Each structure stands twice: as C-alpha cells, then as structure tokens.
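To start, the structure under review is shown below, and the notes come after it.
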Amino acid sequence: MNVLNPPDLGTPKIAGDASVTLAIDGISVSVPKGTSVMRAAALAGVNVPKLCATDSLAPFGSCRLCLVEINGKKGFPASCTTPAEAGMQVKTESPRLAQLRRGVMEMYISDHPLDCLTCATNGNCELQDMAGTVGLREVRYGFDGANHFDAKKDESNPYFTYDPSKCIVCNRCVRACEETQGTFALTISGRGFESRVSAGQDESFMASECVSCGACVDACPTATLTEKSVIKLGQAEHSVITTCAYCGVGCSFRAEMKGSQVVRMVPNKDGHANEGHACVKGRFAWGYATHADRITKPMIRKAITDPWQEVSWEEAIAHAASEFRRIQARYGRDSIGGITSSRCTNEETYLVQKLVRAAFGNNNVDTCARVCHSPTGYGLKATLGESAGTQTFASVEKADVIIVMGANPTDGHPVFASRLKRRLRAGAKLIVIDPRSIDLVSGPHVKAAIHLKLKPGTNVAIVNALAHVIVTENLVREDYVQSRCELPAYAQWKTFVAAPENSPEALEAATGVAASDVREAARMYAQSQNGAIYYGLGVTEHAQGSTTVMGIANLAMATGNVGREGVGVNPLRGQNNVQGSCDMGSFPHELPGYRHVSDSTVRAQFEAEWQVTLDAEPGLRIPNMFEAALEQTFMGLYCQGEDIVQSDPDTQHVADALSSMECIVVQDIFLNETAKYAHVFLPGSSFLEKNGTFTNAERRISPVRKVMPAQAGMEDWQVTMALSNALGYPMNYAHASEIMDEIARLTPTFSGVSYAKIDELGSIQWPCDAMAPLGTPTMHVDHFVRGKGRFMLTRYVPSDEKVTRKFPLLLTTGRILSQYNVGAQTRRTENVAWHSEDRIELHPHDAEQRGIDEGDWVGIASRAGQTVLRASITQRMQPGVVYTTFHFPESGANVITTDSSDWATNCPEYKVTAVQLVKVSQPSEWQERYRAFSFEQDQLLAHRLPRAVHEA
Ligand code: SF4
Ligand code: SF4
Ligand code: SF4
Ligand code: FES
C-alpha cells in the first residue's frame with residue numbers, strides 16, 4: 001500500500017440520521033442506514049479485499065474479490081453491494097473465502113504482465129496489493145493461454161497513457177468518467193475475454209470526447225491509466241496539501257513530491273471545494289512553474305528600447321524605490337499607484353494595498369477584479385449587504401431549479417460543472433440564459449429545460465421580464481419578503497417591474513427571446529422548492545453589469561431563495577483568488593473587508609496598526625490610471641502578477657498609457673505583455689514556491705503551501721516587503737502567517753482566521769469570527785448581512801454599443817477549458833494540444849453571407865481596432881453574434897474591445913462589441929506592429945546584460 005494514499009473505504013459515504021449496528025468479525029460497528037457492508041467493515045478497521053470498488057464511486061460488484069459470509073444469508077455476498085443491516089454477523093475471513101479470492105486473483109493474474117519491478121506503478125498498484133493480501137502463490141492456469149500482453153498502448157493524451165495489457169476491466173474508469181466527471185467518454189467494448197476499455201467509438205483518448213480531467217486515472221487500480229510524469233519520474237515519496245492556482249473553484253490537491261520535484265498533482269478527497277475531483281488545468285497543467293521561460297533574476301532598464309540588465313535584488317528594489325520617490329517629488333504624491341493580482345495570495349494582495357496606502361501615501365490601488373467581478377461586489381453589497389456568493393458548491397446538490405446565466409461552467413469552472421451535471425442527472429431542472437448554446441444546453445445525459453438565447457447586452461431586460469412574470473402572476477414569496485426585506489423599496493420595485501414595458505412581450509424585440517419561454521422560466525424558478533442562480537462574467541462585463549447583479553439578487557429575494565442550502569446567488573469567480581483580492585482591500589475606495597476609506601473609525605484602526613496617516617479620498621481605478629498617465633499626472637506603477645496589456649480592453653489605449661509613464665515595475669514569473677513596457681522586472685514566485693492562502697468563489701480560504709524553493713530566492717510577499725522598506729515604510733514579517741494574523745486583527749470577517757485553524761479544518765469560509773468560529777457555509781440565514789434585504793430598481797438601458805451598417809455583428813468573448821485567462825501559464829504546458837490559437841466563432845448564416853469557410857482568416861474590425869483570426873463556423877452561435885477567446889496575445893481580442901464600461905464600477909463591456917467580419921489573407925496592421933514590437937522585446941531580453949557585465 002502506498003503510504004501517500006488516503007484510506008479508501010470502498011463505497012461512498014451515506015448521509016442520514018438513521019443508523020444500523022452490525023458485527024464485523026465480532027467487532028460491533030454502527031453506520032448510517034444504506035452503508036455497504038464493505039464500508040462498515042472498513043470503519044470497524046477491517047479491510048475487505050476489493051478491486052472494482054472505491055469510495056468515490058457507486059459500488060459495481062463485478063470483481064467478486066470482496067466476498068464475505070453473513071449469518072443467515074446463503075452463499076458469499078459481495079460486501080460492496082450488500083447494504084449493512086441491523087444485527088448482521090459478518091465474517092470477512094475463512095478458508096473458503098480465502099480459496100475463492102485466490103481463484104479470482106489467479107484469473108486476473110494469468111492475463112496480466114508480471115513486470116512489476118519495472119512497472120511505473122510498482123508500489124502503488126491495487127492489483128499488486130491484493131495479490132499479496134489474498135496470499136497468491138501460484139497461477140494454475142499458467143501464462144501461455146490467450147492474453148492481452150501485446151495490446152497496443154494509447155499515448156495520444158499528453159498527460160497520461162492507456163496500456164490495455166494491464167487492464168482488469170474493473171470498470172472504475174468508465175464509472176469515474178460518468179459519475180465523477182459527467183463526460184461519458186468511456187465504454188467497455190467487446191464481451192468476455194475481448195472486453196476492453198474504449199474511448200469514444202474506439203477512438204484514441206485525444207480523438208474522443210475526453211476532456212482530460214484525470215478522474216479515470218485516479219480511479220484505475222492498476223498501471224493501465226498512468227500519468228506520464230509518474231512513468232518518467234517514478235513514485236513520489238511525500239505529499240503536501242495545497243490549492244490549485246487556476247480558477248475560482250479552488251480545488252484542493254496533494255502535490256506528490258520527490259524532494260522538491262512535483263511528480264503529480266492529485267485531487268484531494270478531503271478538499272471541500274472539489275471532493276477529489278479536478279480538471280485538466282489543475283490536475284496536469286502545472287509544468288509552467290518550471291518552464292525555461294521563467295525569469296529568475298531581477299532586471300532594470302532606463303527605457304523600454306534598452307536591453308535589460310540583470311541586477312541584484314537589492315539594486316532592483318533600491319532602483320524601483322528611488323524612481324517612485326523621484327516621480328512623487330516631481331509629479332506629486334498621487335502620481336504613482338499599484339495593481340494587485342487575483343492570481344496571487346491573500347497575503348500578497350494585502351501587502352500590495354498596504355504598500356500603496358501606507359508607503360505611497362495614496363489610495364491608488366486597484367485589481368484585475370475591476371475587469372471581471374467588480375459589479376458583483378457593488379450589486380450584492382447594495383442588495384444583500386455582502387460582496388460575495390451566498391453558498392457552498394455542495395449546495396447545488398440540494399437545488400431543484402438551477403439558473404446558469406452568462407457563465408460556461410464546463411469550460412470556466414469544470415469541477416463545479418461536474419457537480420452541477422450530477423445534480424441535473426438526478427432530476428434538477430436547468431435554465432440557461434446565454435447568447436451561445438453552451439455545452440450545458442445539451443450534453444451527455446444533461447439537457448437544459450429552457451435556453452433563453454438572448455442578444456448580448458440585454459441581460460437587464462431579461463431579468464426584468466422574469467421579475468415581471470413573478471410579480472404579475474403572484475409568484476412572490478410574500479411571507480419571506482415581508483419579514484426579511486425593506487418594504488418601501490420592495491413596493492417601489494414591484495410597481496417598477498410590473499409596468500407593461502417590463503413584460504416579456506414588450507421586451508421580446510430587444511432580447512430576441514420568445515415571451516413564452518421567459519414566462520415558463522420565471523414560473524419554473526419561482527415555483528421551485530429550491531431555486532439557485534449561478535452567474536459569470538457574461539453578467540458582469542457589461543455597461544449594466546452592476547444592474548444585472550442587483551436584478552438577480554431581486555429575483556432571489558422575491559422568490560425566497562436566499563439563506564439556506566440549495567438556493568442563493570452565486571457568482572462563479574474567474575481567477576483563483578478574485579474573491580480574496582477583493583476581500584483584501586484591493587479597490588481604491590475600500591480597505592480590507594469592504595470598508596470605505598472615508599470611514600474615519602475604520603481608518604483609525606488601520607492607522608493605529610500601520611502607524612501612518614491614511615488618505616480619506618478614494619484613489620484611481622485602473623482606467624483612471626490610464627487616463628491620468630496620458631495626461632502625464634500618473635507616472636509610476638507597481639504591477640504584481642497581472643498582465644493588463646493583454647487582459648484590459650482597448651489594447652492600443654493601454655499601451656499608449658503605459659508608454660507615457662516613467663517607471664513601470666512588473667512582478668511576474670514570465671516576461672508578460674505588460675513587462676514589455678516595464679523599466680524594472682522583479683521575478684515572481686509560482687504557487688508551488690510560496691506560502692499563503694487563496695479564497696475561492698464560495699468564500700473558502702484554503703492553504704497554499706510551499707513545496708519547492710522560490711526559484712528567484714524570494715516569495716512575492718517578501719519582495720513587496722523589501723520594496724516597502726526601501727521606500728522608508730518598515731514592514732517586518734517572518735512568515736506569510738504573520739500577515740494573515742494582521743489581516744485577522746483588522747478585518748472583522750476574518751477575525752477568527754489563522755493558519756493553525758486552516759490547517760486543522762482544511763479550509764474556512766468567511767465570515768469566521770466569534771459568532772461563527774468555524775466559518776459560514778451559507779450566508780444570510782436568518783437575516784441579510786445588511787439587516788433587511790433591499791430591492792433595487794433596475795431600469796434597462798440599451799448598450800451604447802449598437803450594431804450599425806458599418807459594424808453589423810455583436811462580438812462576445814469567453815474562455816475555453818484547456819486555457820486560462822491570458823494564457824501565460826497554460827500556453828506553456830501541453831494544454832496547447834487542445835487549443836493552440838484563438839478563433840472567431842460565427843453562425844453558418846453569417847459565414848455564408850461573407851463567403852467565409854471553416855479555417856479562413858477573418859478580419860474583425862470594431863470602432864477600437866482591428867485584428868485577424870481564423871474562422872470556426874458553428875451552430876452554437878446565433879446569427880448576428882460572434883465569439884472569441886482571448887488566451888493568446890497575438891490574437892488581439894482586446895484590440896477590438898472598446899472603452900465602454902459598467903456605469904457603477906467601470907468593469908469593461910467585454911461582452912458586447914459591434915464588429916464587422918471580412919475574409920482576409922494577411923494579419924492586421926496591429927498584429928504586424930505587435931509582432932515587430934514583441935520580436936524587439938524578445939531580443940532585448942535574450943541579449944540582456946548579465947549582472948557581471950553590468951557591474952563592470
Ligand atoms: S480523463 Fe476524464 S473525461 Fe477523459 S476519459 Fe478519463 S474521466 Fe473521462
Ligand atoms: S483501465 Fe483501469 S480502471 Fe479502467 S477497467 Fe481497466 S483496470 Fe479498471
Ligand atoms: S482550474 Fe479550477 S476546476 Fe480546474 S482543478 Fe483548478 S480550481 Fe479545480
Ligand atoms: S470489490 Fe466488490 S465486487 Fe469488486
């Protein structure tokens with residue numbers, strides 16, 4: 001038995017209060033009713049031999065190794081499929097059982113290559129373990145009969161191998177793909193001796209529907225499905241629990257290590273966000289952390305046309321500090337600022353905002369959440385009183401009707417999507433509100449009951465139309481609203497949404513959605529026992545993003561769907577630590593814990609702890625920083641872990657702004673697009689090289705633990721600390737945990753959080769305080785955080801971004817499973833095997849009108865700029881709407897997006913850009929310029945002056 005593997009109790013845990021007591025080999029044990037005899041035995045400390053059973057999958061009963069004897073029952077029942085009953089007397093060992101089990105093992109072993117010593121899973125193979133457990137000493141059938149020893153391996157997946165010669169046809173992989181992942185990519189083809197696992201229609205794994213989540217690899221008890229990293233490196237010798245650094249699901253992993261080398265990342269069965277599941281990014285795409293492109297030495301240069309010079313940490317930090325002070329002396333205290341990153345830890349973002357407020361002396365700090373979920377913060381705070389999602393992910397398992405709006409969970413939040421699909425397969429109903437036919441609309445064993453395929457930019461109209469039906473058809477949960485919400489605001493809202501202009505019929509022309517579908521969806525949601533809403537950037541990244549978030553909260557309050565399991569308003573956060581970076585005070589108007597900088601009581605607490613006077617005026621938001629740079633009043637920027645050139649809208653505008661500044665300090669693991677405009681480069685540390693915490697979309701604070709030394713010698717928080725000290729504002733932390741202790745002292749919702757508690761509980765959902773010392777899984781239980789829930793008026797204002805004769809199509813953007821955000825990490829992994837370029841998706845009708853064929857180069861022009869991408873023609877799109885991803889810098893997706901933004905938060909309107917498409921044969925002018933500029937910057941990096949030359 002491999003010491004790294006947590007115990008496997010054979011069959012899944014059964015929930016329930018009723019228990020039964022039975023005896024296993026004379027040991028009495030009480031278990032919830034419905035628990036298998038196998039699990040009961042394991043809980044009594046008796047491990048019954050097994051092969052086809054594992055506690056992450058429903059029992060299957062095929063291998064016949066787990067036979068037991070039960071008093072009063074005939075024969076030898078399989079313990080994995082037999083439910084424990086009160087009074088049962090179970091015997092797990094007897095001469096007859098031993099003989100039967102050996103017989104089973106003989107059958108398996110006679111068709112199994114006995115190359116254990118050179119097998120990749122030697123020491124971590126359940127077949128090997130079971131042969132030892134049952135005491136197999138001979139194989140009477142010999143090894144000369146028909147066998148599968150020469151069966152051909154499938155090496156097509158970049159991350160794992162399928163070696164059918166080692167398959168025992170236990171079906172665990174097939175069930176994992178169905179039950180855990182919900183993709184149904186695998187079957188057992190053939191019968192009897194011929195039966196073998198098959199991906200798709202006898203295809204290779206890569207050619208099949210497989211999404212490379214790794215669930216089958218985890219489930220496989222033999223070496224048949226094995227990670228290529230394990231084949232290459234051998235078995236790990238220790239493991240460390242840490243958290244995925246990709247999306248807002250925040251999956252927990254065991255980093256399995258050999259010294260300081262990662263052998264594989266295994267999803268943690270005890271991880272509360274993922275419960276042992278993962279997706280291709282967290283499970284396999286971690287190789288970027290040691291990629292050759294990593295820059296591990298600090299660098300400086302005077303102008304962006306100069307070659308980089310490698311310098312010591314001391315020199316780089318001193319140079320950055322003196323430049324910032326020089327700029328402030330010349331242009332004023334407010335002429336510099338900082339940007340925190342949602343990819344960095346809570347402790348790191350906290351320190352960057354502290355540096356800006358305490359050492360820079362202003363509030364010019366903002367974060368990438370500005371461009372994704374800032375409307376969530378605004379909208380949920382205004383209505384419910386807290387800028388965060390209301391539930392746990394597990395809550396979806398109690399929902400009856402689920403609305404997914406402006407989100408594509410199978411690509412963006414895959415592990416949550418697997419949970420959601422499981423719930424849908426169990427009978428819950430799904431309403432999708434999205435301009436595209438996302439996978440959830442119709443997938444294997446999952447079909448949306450209703451798809452409201454609206455036109456981009458009409459979210460508020462749809463939400464108002466849904467509210468109109470709920471109010472006018474008397475579907476409001478009046479008792480809930482009367483007791484929990486502000487009644488004058490409710491009365492106003494009711495009158496507002498009931499007005500005829502908000503009826504589905506009146507809004508049909510604007511939304512493009514049949515009124516009858518809207519009515520059916522409203523009834524379905526309002527009449528459900530538990531209705532839950534999940535939404536994403538398709539809600540927030542609009543001119544009316546904040547309005548839609550408030551509209552969603554209105555719907556949930558009106559139907560009584562906030563404050564218990566199975567319901568709620570749930571923003572699916574994009575990056576791993578979007579929630580955390582917002583919690584930590586990354587916005588220019590808010591100190592940690594969402595408290596306004598103008599609040600003198602709050603400021604006084606921070607002033608006392610930080611020993612500095614704080615500015616009471618909110619600072620600049622990112623778009624304001626760009627404007628100020630162009631006006632020559634904002635001249636210095638410290639940008640940690642963000643790539644604003646690639647991720648922010650209107651790339652040319654961003655580039656012009658950065659080119660206007662005198663000192664840009666970029667801290668990152670790669671020379672990203674923003675670093676090409678930088679004067680100081682401070683090497684960053686990957687999630688494997690530092691300690692800290694991430695907070696996921698459920699408000700769950702999870703540990704990030706250092707498993708290897710920081711490649712550049714410093715963890716990111718240590719760099720910020722050094723910069724602060726060089727600026728003359730002292731910071732002294734010996735460990736990231738001390739930063740969390742300070743956060744807890746200053747932030748009421750974090751007051752009960754400590755590293756010791758996180759280690760003890762695995763993770764904690766804030767608020768965690770004296771009232772809720774173990775955290776808060778569900779928010780707003782008895783009352784809303786703001787006291788009474790507040791209905792907000794949500795007038796629909798059509799976007800300024802309208803189709804015209806010149807720009808007759810609407811472009812919307814999103815992401816794809818295998819790539820992550822700006823792609824800096826995933827582009828440096830084998831994930832490019834799935835997605836190696838961004839494409840423009842369009843409906844066949846629009847393609848035909850323009851003479852565009854699949855794969856053609858297509859010019860895309862908006863009022864902001866032009867770019868060229870290859871065409872992908874698909875029925876997923878509706879006519880008049882086109883779509884692209886933004887994972888590759890040369891695609892220039894954000895060259896086309898405009899400066900239009902959310903009225904409340906300035907979140908860019910990425911999801912609506914009027915464009916025209918035309919077939920072309922060459923790159924756009926911008927792309928030509930980008931290539932030339934990138935080539936020049938790569939040369940300046942490649943020919944960087946090493947430290948010795950510089951010193952000479
Ligand atoms: S990797 Fe995931 S999707 Fe692919 S076959 Fe295995 S379980 Fe199914
Ligand atoms: S590949 Fe592994 S899990 Fe799947 S049937 Fe074969 S041995 Fe079992
Ligand atoms: S990317 Fe998201 S879903 Fe995938 S493993 Fe990481 S946290 Fe989980
Ligand atoms: S483990 Fe029970 S039949 Fe295979």
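Go through region 148-198 residue by residue and tally those that are of a type in the set (Gly, Ala, Ser) and within 16 Å of ligand 3 (Cβ to nearest atom). Of the residues in region 148-198, 2 are of a type in the set (Gly, Ala, Ser) and within 16 Å of ligand 3 (Cβ to nearest atom).
Is at least one residue of region 258-272 within 13 Å of ligand 3 (Cβ to nearest atom), in contact with a helix residue (DSSP H, G or I) (Cβ under 7 Å, 6 or more places away or on another chain) and in a loop (DSSP other than H, G, I, E, B)? No, region 258-272 contains no residue that is within 13 Å of ligand 3 (Cβ to nearest atom), in contact with a helix residue (DSSP H, G or I) (Cβ under 7 Å, 6 or more places away or on another chain) and in a loop (DSSP other than H, G, I, E, B).
Looking only at residues in region 276-299 that are assigned to a loop (DSSP other than H, G, I, E, B) and within 15 Å of ligand 1 (Cβ to nearest atom), the one that is farthest from the chain's Cα centre (by Cα) is GLY276. Among the numbered conditions (1) within 23 Å of PRO158 (Cα to Cα); (2) more than 16 Å from ligand 1 (Cβ to nearest atom), the only one that GLY190 does not meet is (1).
Residues that are buried (at least 17 other Cβ atoms within 10 Å of the Cβ) and in a helix (DSSP H, G or I) within region 518-541 comprise VAL518, ARG519, GLU520, ALA521, ALA522, MET524, TYR525, ALA526, LEU537, GLY538, VAL539, THR540, listed in sequence order.
Take LEU637 and tell me if it is in contact (Cβ under 8 Å) with a residue 40 or more places away in the chain and either in a helix (DSSP H, G or I) or in contact with a strand residue (DSSP E or B) (Cβ under 9 Å, 6 or more places away or on another chain) (or both). Steps first, answer last, please.
Numbers: in contact (Cβ under 8 Å) with a residue 40 or more places away in the chain: yes; either in a helix (DSSP H, G or I) or in contact with a strand residue (DSSP E or B) (Cβ under 9 Å, 6 or more places away or on another chain) (or both): yes.
Judged against the criteria, LEU637 is a match.
Being of a type in the set (Ser, Thr, Tyr) and more than 16 Å from ligand 4 (Cβ to nearest atom) is the filter; apply it to region 122-166 and report the residue that is modelled with the lowest pLDDT. This residue is TYR141.
Within region 167-192, the set of residues being modelled with pLDDT of 95 or more and either at positive phi or touching a Phe, Trp or Tyr at 6+ places or on another chain (Cβ under 7 Å) (or both) comprises ASN171, ARG175, CYS177, GLU178, GLY182, PHE184. Among the residues of region 167-197, how many are more than 16 Å from ligand 4 (Cβ to nearest atom) and either over 28 Å from the mean Cα position of the chain (by Cα) or hydroxyl-bearing (Ser, Thr, Tyr) (or both)? Adding up the residues that qualify gives 11.
Considering each residue of region 1-34, count those that are more than 33 Å from the chain's Cα centre (by Cα) and not in a strand (DSSP E or B), and give that number. It would help to see each step written out before you state the result.
As a first pass, look at region 1-34 and keep what is more than 33 Å from the chain's Cα centre (by Cα): 17-34.
The next check asks that each one be not in a strand (DSSP E or B); those that pass are 17-18, 25-26, 33-34.
Result for region 1-34: 6.
Of all residues in region 896-913, count the ones that are more than 15 Å from CYS372 (Cβ to Cβ) and crowded, with 24+ Cβ neighbours inside 10 Å. Explain how you work it out, then say what you get.
As a first pass, look at region 896-913 and keep what is more than 15 Å from CYS372 (Cβ to Cβ): 896, 898-900, 903, 912-913.
From what is left, the residues that are crowded, with 24+ Cβ neighbours inside 10 Å are 896, 912-913.
Qualifying residue count for the region: 3.
Within region 90-123, the set of residues being within 15 Å of CYS66 (Cβ to Cβ), in a loop (DSSP other than H, G, I, E, B) and of a type in the set (Gly, Ala, Ser) comprises just one member, SER94.
Taken residue by residue, region 593-609 has at least one member that is closer than 30 Å to CYS768 by Cα, touching a residue at least 12 places away in the same chain (Cβ under 8 Å) and basic (Lys, Arg). The requirement of being within 16 Å of ligand 2 (Cβ to nearest atom) and surrounded by fewer than 24 Cβ atoms within 10 Å (Cβ to Cβ) is fulfilled somewhere in region 260-276, by at least one residue.
Applying the condition of being of a type outside the set (D, E, K, R) and over 29 Å from the mean Cα position of the chain (by Cα) to region 198-223 and asking which residue is nearest to ligand 4 (Cβ to nearest atom) yields THR222.
So which of LYS453, LYS429, LYS421 ends up being in contact (Cβ under 8 Å) with a residue 60 or more places away in the chain, surrounded by 22 or more Cβ atoms within 10 Å (Cβ to Cβ) and closer than 27 Å to ALA514 by Cβ?
Numbers: LYS453 fails: surrounded by 22 or more Cβ atoms within 10 Å (Cβ to Cβ); LYS429 fails: surrounded by 22 or more Cβ atoms within 10 Å (Cβ to Cβ).
The conditions single out LYS421.
Of the residues making up region 18-62, those that are hydroxyl-bearing (Ser, Thr, Tyr) and within 16 Å of ligand 1 (Cβ to nearest atom) are THR54, SER56.
Entry remark, region 201-223: residues being within 9 Å of ligand 1 (Cβ to nearest atom) and either free of Cβ contacts under 8 Å to residues at least 40 places away in the same chain or of a type in the set (Val, Ile, Thr) (or both) number 3 in total.
Once region 65-83 is narrowed to residues that are touching a Gly at 6+ places or on another chain (Cβ under 7 Å) and in a loop (DSSP other than H, G, I, E, B), the residue that is nearest to ligand 1 (Cβ to nearest atom) is CYS80.
Look at HIS887 and say whether it is out of contact with any strand residue (DSSP E or B) (no Cβ under 9 Å at 6 or more places or on another chain) and buried (at least 16 other Cβ atoms within 10 Å of the Cβ).
Values: out of contact with any strand residue (DSSP E or B) (no Cβ under 9 Å at 6 or more places or on another chain): yes; buried (at least 16 other Cβ atoms within 10 Å of the Cβ): yes.
It is true that HIS887 is out of contact with any strand residue (DSSP E or B) (no Cβ under 9 Å at 6 or more places or on another chain) and buried (at least 16 other Cβ atoms within 10 Å of the Cβ).
Residues of region 156-189 that are among the hydroxyl-bearing types (Ser, Thr, Tyr) and either crowded, with 24+ Cβ neighbours inside 10 Å or away from ligand 2 (no atom under 12 Å from the Cβ) (or both): SER156, TYR159, TYR162, THR180, THR183. Condition first: hydrophobic (A, V, I, L, M, F, W, C) and in contact with an Asp or Glu (Cβ under 9 Å, 6 or more places away or on another chain). Can you find one or more residues in region 103-119 that meet it? No, because not a single residue in region 103-119 is hydrophobic (A, V, I, L, M, F, W, C) and in contact with an Asp or Glu (Cβ under 9 Å, 6 or more places away or on another chain).
Considering region 190-200, the residues that are closer than 23 Å to GLU126 by Cα and free of Cβ contacts under 8 Å to residues at least 24 places away in the same chain include one that is surrounded by the fewest Cβ atoms within 10 Å (Cβ to Cβ), namely GLY192. Scanning region 400-428 for residues that are in contact with an Asp or Glu (Cβ under 9 Å, 6 or more places away or on another chain) and within 14 Å of VAL569 (Cβ to Cβ) yields VAL404, MET405, GLY406, ALA407. Checking VAL518, VAL497, VAL481, VAL460 one by one, the residue that is at pLDDT 95 or above and over 34 Å from the mean Cα position of the chain (by Cα) is VAL497 and no other.
So, of the residues in region 59-92 that are among the hydroxyl-bearing types (Ser, Thr, Tyr) and under 17 Å from ASP25 (Cα atoms), which turns out to be farthest from ligand 3 (Cβ to nearest atom)? Write out each step before concluding.
Kept after step one, since they are among the hydroxyl-bearing types (Ser, Thr, Tyr), are these residues of region 59-92: 62, 79, 81-82, 92.
From what's left, under 17 Å from ASP25 (Cα atoms): 79, 82, 92.
On the way: SER79: 33, THR82: 35, THR92: 37 Å.
By that ranking, first place goes to THR92.
Per-residue answers, yes or no, for (1) without any contact (Cβ under 8 Å) to a residue 24 or more places away in the chain; (2) in a helix (DSSP H, G or I); (3) in contact with a Gly (Cβ under 7 Å, 6 or more places away or on another chain); (4) not charged (D, E, K, R):
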| residue | (1), (2), (3), (4) |
| --- | --- |
| GLY752 | yes, no, no, yes |
| LYS757 | yes, yes, no, no |
| ASP769 | yes, no, yes, no |
| ALA772 | yes, no, no, yes |
| PRO777 | no, no, no, yes |
| HIS780 | no, no, yes, yes |
| PHE791 | no, no, no, yes |
| THR794 | no, no, yes, yes |
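Take region 769-806 and flag every residue that is surrounded by 17 or more Cβ atoms within 10 Å (Cβ to Cβ) and either at positive phi or within 23 Å of the chain's Cα centre (by Cα) (or both). If the condition is that a residue be surrounded by 17 or more Cβ atoms within 10 Å (Cβ to Cβ) and either at positive phi or within 23 Å of the chain's Cα centre (by Cα) (or both), then GLY775, THR776, PRO777, THR778, MET779, HIS780 are the ones that fit.
The values are calculated or read from the model by the stated rules, or taken from the named source; none is laboratory data. No experiment lies behind these values; they were computed from the predicted model shown. Here Cβ is always computed from backbone atoms with ideal geometry, including for glycine, and neighbour counts include all displayed protein chains.
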